[in-house]
Structure formats: C-alpha cells, structure tokens
Amino acid sequence: MTGLLRISALIDGFNTFIGRFVSWLILLAVVVSAGNAIIRKTLNTSSNAWLELQWYLFGTVFLLGAAWTLLRREHIRIDILSSQLPKTLRHWIELLGHFVFLMPFCLLMIYESLPFFLTSFRLQERSFNAGGLIVWPAKLMVLLSFALLALQGISEIIKHVAVMQGLRPEPETGGSHGTASHES
C-alpha cells in the first residue's frame, strides 16, 4: 500500500500543479475580455477570435480544474446526509461511487473524445465564425480533463482504501483544507 500511496501523492501533486496553473487563466480571460470590450467601444471593431479565446480559456479552467476540485473535495456532494452516516459506510459509498460512476464515465469520455479530438486535429478544424480560431485545442481539453479526472479517481480510491485500513488520516471535507493537506 505504501507504493500505491506514493503513486497517489504523485497524482495529487500533478493535479494540484495543473489546477493552480489553470486558475491563472481566469485572470487572462478577464484581461482578454476587458481588452476586447475596450477595443470594441473605442475603435468600434471586434474580433470573433478574441470572443472565442475567452470561452477557450474559461472552458480550459473548468475542464482541467475538475480533477483538482475532486482532490480538494470541493465537488458537489450531499454532506448533510453523508455526515449522519458512520465513517466506514461513507468510505464504502465513496468507493462504490468512484468504481461504478466516476471511473466508467471517465473511461467512456476518454474513449469517445479521443477520435473527436484526432479528427479535428487531422482536419485542422476551424470555427465556423469568420476570423475564428482552430477548434482542436478545445477538443483536446475535453480529452485531457477526463484523463486527469480518471487519474484523480484512482488516487481517491487508493486514499479511501488506506483510510479504511488505518494507514492514512481521515480526509477533511471541502473548503480550503481539502485532502491535499494530508499528502506529506
């Protein structure tokens, strides 16, 4: 289990790095949006590429931040109900949810989004909007996001099993004190 916990810590560290990095894209999206608005109002001109870049940036933050959100236990959950259950039952429910819902869904999305991305890349697909951007980077983000989420799912499974075996402390729920604080 020690080796698996090391793998889990590597996955957690990688997804933390990605999550923190893409969070800065929000600032970039704001700058692009403000710049586009200023140019549109002062010079009476606009560009579809700038508008598309805004949603590419936002989409990238949303997609690539999903694994970091799971790591930090800030995803949607029903804490009111689960907090009333015994810890062991909560861990079994989490494991069941990861095995039955999260992992199959991630694997299905990876399977479906790979040809979706490859076709777009091969054709160098462009936006239908005049002056729009190439589309394949956005489609790549879908593929990468589910790969990162699947990796984080594996990490979460490892950590739940370790907690159930008494090899790791109980993770905290949500907020700024997610499971990342227990990684050392």
Handout entry: Options F121, F14, I134, ranked by Cα towards positive dipole end of the chain, top entry (Cβ charges)
Key = I134
Practice task
Collect residues whose amide H, placed 1.01 Å from N in the peptide plane, falls under 5 Å from the amide H of R126; neighbours closer than 5 in sequence don't count.
Solution key: V135
Handout entry: W24 paired with E112, simple spin-label distance in nm, labels 7 Å along Cα-to-beta-carbon
Key = 3.4
Exercise for the section: Please get the size of the charge dipole for the range 8-76, origin at its Cα centre, with Cβ charges of +1 on Lys and Arg and -1 on Asp and Glu, quoted in debye to the nearest 20. Expected result: 160
Practice task
Please determine, in degrees from 0 to 90 and to the nearest 10, the orientation of helix 136-164 with respect to the longest principal axis defined by the Cα atoms of the chain, where the helix direction is its Cα long axis.
Solution key: 10
Practice task
Give me Rg over Rh for the chain, both radii from the alpha carbons and Rh done the Kirkwood way, two decimal places.
Solution key: 1.07
Practice task
Provide the per residue accessible area, probe 1.4 Å, for the range 32-140, rounded to a whole number of square angstrom.
Solution key: 67
Problem - Mean separation of Cα contacts under 8 Å, 6 or more apart, over the residue count of the range 12-164: relative contact order % - result: 31
Completion exercise
Sequence order, the range 55-69: Karplus ³J(HN,Hα) from phi using 6.51 cos²θ - 1.76 cosθ + 1.60, θ = phi - 60°, Hz rounded, Gly and Pro as x, gives 6, 4, 5, 4, x, 5, 4, 4, 6, 6, x, 5, 5, 5, 5
Problem - For the chain, size of Cβ-based charge dipole, Lys and Arg +1, Asp and Glu -1, in debye - result: 240
Fill in the blank from the handout: Ordering 137-148, 62-73, 82-93, 25-36 by per-residue average of other C-beta atoms within 10 angstrom, highest first, gives 62-73, 137-148, 25-36, 82-93
Exercise for the section: Calculate, in nm to one decimal, what L4 and F128 gain on full extension: separation in residues at 0.36 nm each, minus their alpha carbon distance. Expected result: 40.0 nm
Problem - Accessible surface of the chain, 1.4 Å probe, proportion on carbon and sulfur as whole % - result: 73
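The values are calculated or read from the model by the stated rules, or taken from the named source; none is laboratory data. Owing to the predicted nature of the structure, the values given are computational and were not obtained by experimental measurement. All Cβ positions, glycine included, derive from the backbone under ideal geometry; neighbour counts span all protein chains shown. Each accessible area value is taken on the protein alone, full model and side chains, heavy atoms only, with ligands, DNA and RNA left out. Shrake-Rupley method; radii C 1.70, N 1.55, O 1.52, S 1.80 Å.
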